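First up is the structure itself, then whatever we jot down about it.
The values are calculated or read from the model by the stated rules, or taken from the named source; none is laboratory data. All of these numbers come straight from a predicted model, not from anything done at the bench. Ideal geometry is used to build each Cβ from the backbone, glycine not excepted, and the neighbour counts take in all protein chains shown. Note: areas computed on protein heavy atoms with side chains; ligands, DNA, RNA excluded. Shrake-Rupley method; radii C 1.70, N 1.55, O 1.52, S 1.80 Å.
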Amino acid sequence: MPSTVVAHMDYHATEHILRIVFVSGMIYDYKEVPETVYKAMKSATSKGTFLNKYIKGHYAFTKVK
């Protein structure tokens, strides 16, 4: 999953939480993300573009310390 923005991502299916670990080290949990959206992001050519277009501004999030 090479990306200049996203270092790693995990999906917690039971809670519908998408955890994004950014290259900068910041970690965010996006809530109520459908599994289909996670799978689409996984297969997207650009994780950063997908994140900006379909995740940010569409799902509530919390910053993880």
Lysine-lysine proximity count for the chain, Cα under 13 Å, sequence distance 8 or more or distinct chains: 4
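Could you work out what % of the accessible surface of the chain is carbon and sulfur, using a 1.4 angstrom probe and leaving DNA, RNA and ligands out of the count?
On the way: 2400 of 4260 Å².
Of the solvent-accessible surface of the chain, carbon and sulfur hold 56 percent.
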From the C-alpha gyration tensor of the chain, pull out the three semi-axes of the equivalent ellipsoid (sqrt of 5λ each), sorted largest to smallest, in whole Å. 16, 14, 11
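With every protein chain left in place, what is the accessible area per residue of the chain in square angstrom, probe 1.4 Å?
Values: 4260 Å² over 65 residues.
With the other protein chains kept in place, the chain gives 66 Å² per residue.
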From the phi angles alone, apply the Karplus equation (6.51, -1.76, 1.60; θ = phi - 60°) to region 9-22 and give each ³J(HN,Hα) in whole Hz, x where the residue is Gly or Pro. 9, 10, 10, 9, 4, 5, 9, 6, 10, 9, 9, 10, 9, 7
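Using 0.36 nm per residue, how much length does the chain from THR49 to VAL5 gain when fully extended, once their Cα-Cα distance is taken away?
On the way: separation 44, 0.36 × 44 = 15.84 nm, distance 0.92 nm.
Full-extension gain reported as 14.9 nm.
So what is the calculated 222 nm ellipticity per residue for the chain, using -39500 (n - 2.57) for each DSSP H run with n of 4 or more, over all residues, to the nearest 500 deg cm²/dmol?
Values: 2 runs with 13 residues, N = 65.
One gets -5000 deg cm²/dmol as the mean residue ellipticity at 222 nm.
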Given points 7 Å out from each Cα along the Cα-Cβ axis, report the GLU35 to ALA13 separation in nanometres with one decimal. 0.4 nm
